[in-house]
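Let me begin by presenting the structure, written as structure tokens, before commenting on it.
Computed from the coordinates by the stated procedures, all read-outs in this text should not be read as laboratory data. Everything numeric in this text was worked out from a predicted model, so none of it was measured. Note that each Cβ is placed from the backbone with ideal geometry, even for glycine, and that neighbours are counted across all protein chains shown.
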Amino acid sequence: MSILLTKILWSRLKDRRTEAIGDNLYESPIVITDIISITGGKGMDIKNNVLSFTLKNDFQKNITYPDASTMKQTTYVNSSKELMFEEQDQIKVYAKYTDDGADFVSDAWSSSSTTAPSDDYLIGSFYIAEFNPQHVDKAAQINVKCVDKTYVLFNRILAKAFTATDGLTAPEMIQKVIRYSSQNPEGLFQGTAGDAGTRYDVDARLVSESGYITDTRRNTKEDGSANANTDFPEVELAKVWKPVYEWIKDLSQVEMTNSVTEQGDVLVYGRPFIFWVDESNAFHWVYPSDTPDSTIVVGTDEVRNANMSKSVFDVTNMIIYNVGDDMYGTGLYYYAVDLTSKVRTLKMRYVPMTDISKKWISADYATGTLAADRDGAPAGKPVPQFPTSYPLSACVFPPTENFANVASISDDGDYNDALRERCLAEGDKRAKALLSGLSNARWKGTVTMKGTTYAAGDLIKFTDDRIGLNEVLIRVMTVRHSFNKNGWQTTLELEQDTDVLVNTGV
């Protein structure tokens, strides 16, 4: 029979270097042995990275205070009659089920030693955010709530514009954003490339730098055909005082990981990338593959309960899109609605597609109306310029609803209208393709099992014959642990991936 081993290390704040959690110096750890219960875990949504625990605050001894008063001192009240916990104190939780006798005598699991167990058994590293001492009759206890470092770091706001001149891809931009938010002279992780010599609280290395941020694209497309271009496309993004978490989420969308050409043809990546920070504060950004990381079979594995449902959730049934500027510099916005959605209220999402107008203007310069036949000095500059005369000899914009052929374009107004119609038509098709993958029914639910370690982002092949699920591929969104007098149990919040989009263009 396996025995549960746990270890909770508390490191008190020694020097508050800044107001940011984690940017501080700490005293040597203290082993906490009088925990009553613990709940907490980590997830792909950083708001779930919270730990709560309750511990006893029993009387220890009589003590005479500086004011000459004498009373019994409790465990977590010091000689100045102050609670010893402080905001930003660090808490590390380790747990392991074992039947190895060597574990019982090792310093790593001893309550009298501050030696930390292996990070393989680290449930999480957290920082105290608030505490609530209670005194009822003769009993005293303390409820403590903690958050992990990324909860705070990724909620920091950033105002910045990354333009074409920066020449950054989505993974490179994500790395920059994370490092802007996590720079710390006492950080555990060294920067790379242009950031060498700088230290950070989060490990944001690219895969090419031995990290976990994917920076080389796969060599196949969603339809199984070969992909010769394994470089991520360069992208632009600007936000004003938006959380880092929102930056990363937007950079993970299909329009950021596929080139403009691919968005009008077959996609290399038809789902958004997923991301999380692991127990060791390493950031992961990966494409959700269909290769399972592990298998759970109810009746074979130690599953205590499973609660699953298949429905439409987290739906987007309306997309507002921006396909760029017309010849007069006016923005082209419109919307697409999924009329088949089962959700009655509008769940909207804004998707920038500003590459579309740039693409069609450039295409017409190159293969349609020649740049030499444009206004401006020199001819065609600055871009864009209208043709010098009509009717046109060629134009790539038609056919559209109102412009079936080149002869239909008789002046600057027609030319601009033809451009607008072509861009909005492509934007409509992209938006409808995106909607088709965002409103389908998927499996979602929870599985509770004997205490174990899983990582957010793991793909599980799940089977429960009694409720009709056979080898369903479903992803771990959040891992929650609870410890009490009955032992340790782990609850996995699971969610099926969205359908793959093969293409989003014309």
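Put a plus charge on the Cβ of each Lys and Arg, a minus charge on the Cβ of each Asp and Glu, and nothing anywhere else: the dipole of region 318-436 about its Cα centre is then about 800 debye. Going from the fewest other Cβ atoms within 10 Å to the most, the residues W285, W443, W10 appear in the order W443, W10, W285. When I35, I142, I178 are sorted by how many other C-beta atoms sit within 10 angstrom of their C-beta, beginning with the fewest, the order is I35, I142, I178. Counting charges near S482 (Lys, Arg +1; Asp, Glu -1) among other residues having Cβ under 13 Å from its Cβ returns a value of +4. FRET efficiency for the pair K429 and V297, taken as 1/(1 + (r/R0)^6) with r the Cβ-Cβ distance and R0 = 51 Å, rounds to 0.75. Charging the Cβ of each Asp and Glu at -1 and of each Lys and Arg at +1, and nothing else, the dipole of region 154-287 about its Cα centre rounds to 280 debye.
Look at where the Cα atoms of region 444-475 and of region 150-216 average out, and the two centres are 32 Å apart.
For Q263, the shell of other residues with beta-carbons less than 11 Å away shows a net charge of -2, using +1 for Lys and Arg and -1 for Asp and Glu. Measuring max minus min along each principal axis, the C-alpha atoms of region 92-194 give extents of 64, 42, 24 Å (largest first). Relative to the longest principal axis of the Cα atoms of the chain, the long axis of helix 412-436 lies at roughly 40 degrees.
If only the Cβ of Lys and Arg carry +1 and only the Cβ of Asp and Glu carry -1, the dipole of the chain around its Cα centre is close to 1380 debye. The residue among P399, T490, L434 whose Cα reaches farthest toward the positive pole of the charge dipole of the chain, with charges on the beta-carbon of Lys, Arg, Asp and Glu, is T490.
Grab the other residues whose beta carbon is less than 11 angstrom from that of L469, score K and R as +1, D and E as -1, and report the net. That works out to 0.
Note on the chain: antiparallel DSSP beta bridges, both residues inside, total approximately 90 percent of the bridges counted.
Only helices enter the 222 nm calculation for the chain: every DSSP H run of n ≥ 4 contributes -39,500 (n - 2.57), and dividing by all residues gives -4500 deg cm²/dmol, rounded to 500. Sequentially through region 384-401, phi angles give Karplus couplings (6.51, -1.76, 1.60; θ = phi - 60°) of x, 10, 6, x, 7, 8, 10, x, 7, 7, 6, 6, 8, 5, x, x, 9, 4 Hz, Gly and Pro residues having no value and appearing as x. Size of region 154-287: Rg and Dmax of its alpha carbons, in Å, are 14.9, 47.
Between the listed residues Q253, N229, Q263, the Cα displaced farthest toward the positive end of the dipole of region 154-287, a dipole computed from Cβ unit charges relative to the Cα centre, is found at Q253.
Compared with the alpha-carbon gap, the fully stretched path from A238 to A161 is longer by 27.3 nm at 0.36 nm per residue. Take the Kirkwood radius over Cα pairs of region 438-503, plug it into Stokes-Einstein at 20 °C and 1.002 mPa s, and you get 162 µm²/s for translational diffusion. Considering only M327, I178, L51, the residue lying farthest towards the positive end of the dipole of the chain is L51, judged by Cα position with unit charges set on Cβ.
Restricting the calculation to Cα atoms, the chain yields a radius of gyration followed by a Dmax of 28.6, 101 Å.
Once the Cα atoms are used to define both axes, helix 170-182 deviates from the longest principal axis of the chain by about 40 degrees.
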